[in-house]
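One structure is given below, encoded as structure tokens.
Each reported figure results from applying straightforward, stated rules to the coordinates on display, with no laboratory input. Owing to the predicted nature of the structure, the values given are computational and were not obtained by experimental measurement. Positions of Cβ are generated from backbone atoms using ideal geometry, with glycine treated the same way; all protein chains shown enter the neighbour counts.
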Amino acid sequence: MRVSDWKKDVIKPSEIDKYLVDGKDFICEETINKKIKEGENPSDQYIEQIIDKALSVKTLAPEETAALLNVTSEEMWHKIFDAALELKKKVYDNRIVFFAPLYCSNLCVNNCEYCGFREKNCTEKRAILSPEEVKRETKSVLNEGHKRLIMVFGEHPKSDIDYMIESIKAVYEVQEKAPNSGKETNIRRVNINAAPMSIDKLKRLKETDIGTYQVFQETYHRETYSQVHPMNTLKGDYRWRLYALHRAMDAGLDDVAIGALFGLYDWKFEVMGLLYHTLDLERRYGVGPHTISFPRITPASGSDLSENLPYQVSDQDFKKIVAVLRLSVPTAGLIITAREKPELKREVIKLGCTQTDASTRIGIGGYSDQINQDTEQFTIGDPRDLDDVIQEILKEGFIPSFCTAGYRCGRTGETIMGMLSHCVEGKFCKLNGVLTFREYLYDYASKETKKLGEAVIAKELSEIHQEPYFIDRPKLVKKFDQQYNDILIGKRDRYI
Ligand code: SAM
Ligand code: SF4
């Protein structure tokens, strides 16, 4: 099929219109601007009330998020930062989940001004992985110790739904022996970051057994959106993208992830956009986003915009973004990626992030070096290996986790949201964090990581045997002890 014919069939207007309310979107710029304006000069007492509400694990109202965004006193920001970590520990315990991105193709029909993959970027070498190459990449990622992948695709007929399904299957087929123990291992959950799709395609994606489907709106501000996404491209359609995750929900994919790309427009506006997106998903489906991402633009090949940002976000404001999102949507996981430098990642992990990537390579074929490296989408700030990042996390007192139990035990959608808001899921996070990190220590860890890791595991085990929540649930603890002992005697892939 010719690319131009394929393009004509991608966007289904009827799968946009049905989500409008009285012809309008859930993003109303006038309302957002008004809320931000009205939230100026919040009293300390009001901010403390908002913090208390967030700590009771309730999604904030727009005026409350707007008030947080308007805080100016250093002292109050410190209170917000402290509350963000407290809330994260309450909902998700002290684990950090690790994943690796797998870039499958950089062919793209769009022309997003900030992205190295855009069609008009002649400096980019184009590549699309074959199933065999996908398998080679998967083996390399498995050799690092990862169990969770996010597969990333440009938007192109050659990387459309059939290709995605073929690539996902290729990943799930790979079995590899762990370097330290020789135990068989495999990728246990594949998440997807791909362009908006029709409900029919999303239903097919669901059948492949993916975890989370992620689409970033990039910017919620319409005028900025059309400046950076030319109108004559598929991505130029703001509304097709705005309802991408509503369609996913309707296709039965109840585990969705939102995000905004920071640097294009005012950060306060984008945080409000993410909140309104969350509220609309919660209102319609009873389930908010599983995760929220907040990538900052980094330099991309051939993109002037990426090096001269109209709304550059400083490190200090970036920390505010993370903390305000943490308090605004207590049940959502927050993802900090290798776009950021190690020092800043270290700081924001302590503001309530729940997931991060490591040993990240974003060139097509970048893990196994099969294909030329001039294929990256943007530059990354943290190329460190998984083992190095794990050491750092351990020194900060967090436990690294490779848990994929939620997806595999049916704890997704409404079920997981209920468990998160009642602070029950965090208990499972703790148990599964220990089980999966136990495996990592045996199968992959360096000597130094083992030393640090054993101490953290010992601390976690004593908490599991002493915390009142667990003392009241002897059956759960017995099951956990059994799973843990299974791993000690050489079994693998134990989870609760
Ligand atoms: N083509 C799909 C789409 O547009 O939805 C997949 C997305 S792209 C490969 C993944 C994400 O990378 C984009 O949604 C965007 O937010 C982010 N991104 C693009 N260019 C970037 C840059 N220069 N720096 C940081 N992030 C960038
Ligand atoms: Fe293509 Fe996505 Fe990059 Fe835009 S952000 S050019 S759609 S890969």
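With +1 on the Cβ of every Lys and Arg and -1 on the Cβ of every Asp and Glu, and nothing else charged, how large is the dipole of the stretch 375-496 about its Cα centre, in debye rounded to the nearest 20?
With only Lys, Arg, Asp and Glu charged at Cβ, the dipole is about 620 debye.
Under the 0.36 nm per residue contour assumption, what length would be gained going from the current alpha-carbon distance of ASN232 and ARG408 to full extension?
Once the chain is fully extended between ASN232 and ARG408, it gains 59.3 nm.
Which pairs break 29 Å Cα to Cα here: LYS58/LYS450; LYS341/LYS395; LYS450/LYS491; LYS18/LYS89; LYS320/LYS395?
LYS58/LYS450; LYS18/LYS89
Sort LYS450, LYS475 so that the residue with the fewest other Cβ atoms within 10 Å of its own Cβ comes first and the one with the most comes last.
LYS475, LYS450
Which aspartates and glutamates have a Cα lying under 14 Å from the Cα of LYS79, excluding residues fewer than 8 positions away in the same chain?
Within reach: ASP44, GLU48, ASP52.
Could you order peptides 184-196, 302-314 by the average number of other Cβ atoms within 10 Å of their residues, highest first?
Packing order, densest peptide first, comes out as 184-196, 302-314.
Quick check: residue separation of ASP162 and LYS34 times 0.36 nm, minus the Cα distance between them. What number comes out in nm?
41.6 nm
May I ask what percent, to the nearest 5, of DSSP beta bridges between residues of the chain are antiparallel?
So the antiparallel bridges amount to about 10 percent of the total.
Would you order TRP77, TRP240 from fewest to most other beta-carbon atoms within 10 Å of each residue's own beta-carbon?
So the residues, fewest neighbours to most, are TRP77, TRP240.
Kindly put CYS429, CYS108 in sequence by how many other C-beta atoms sit within 10 Å of each C-beta, fewest to most.
Lowest to highest Cβ neighbour count: CYS429, CYS108.
So, with +1 on the Cβ of K and R and -1 on the Cβ of D and E, and no other charges, what is the size of the charge dipole of the chain about its Cα centre, to the nearest 20 debye?
1320
So between ASP472 and LYS120, what do we pick up on full extension, going 0.36 nm a residue minus the alpha carbon distance?
120.6 nm
Projected onto the charge dipole of the chain (+1 at Lys/Arg Cβ, -1 at Asp/Glu Cβ, origin at the Cα centre), which of SER421, ILE161, GLY406 gives the Cα projection farthest towards the positive end?
It is GLY406, whose Cα lies furthest towards the positive end.
Give the residues of the stretch 221-245 whose amide nitrogen is closer than 20 Å to a point set 7 Å from the Cα of LEU20 in the direction of its Cβ.
Residues 221-227, 231-245 qualify, since their backbone N sits under 20 Å from the label point.
Calculate, for LYS8 and SER462, the FRET efficiency according to 1/(1 + (r/R0)^6) with r their C-beta to C-beta distance and R0 41 Å; round to the nearest 0.05.
0.10
Summing -39500 (n - 2.57) over the DSSP H runs of n ≥ 4 in the chain and dividing by its residue number, what mean residue ellipticity at 222 nm do you reach, to the nearest 500 deg cm²/dmol?
About -14500 deg cm²/dmol.
No other cysteine beta carbon under 4.7 Å away is the test; run it over the chain and list who passes.
Here CYS28, CYS104, CYS108, CYS122, CYS353, CYS403, CYS409, CYS423, CYS429 come out as lacking a disulfide-compatible partner, given the Cβ-Cβ threshold of under 4.7 Å.
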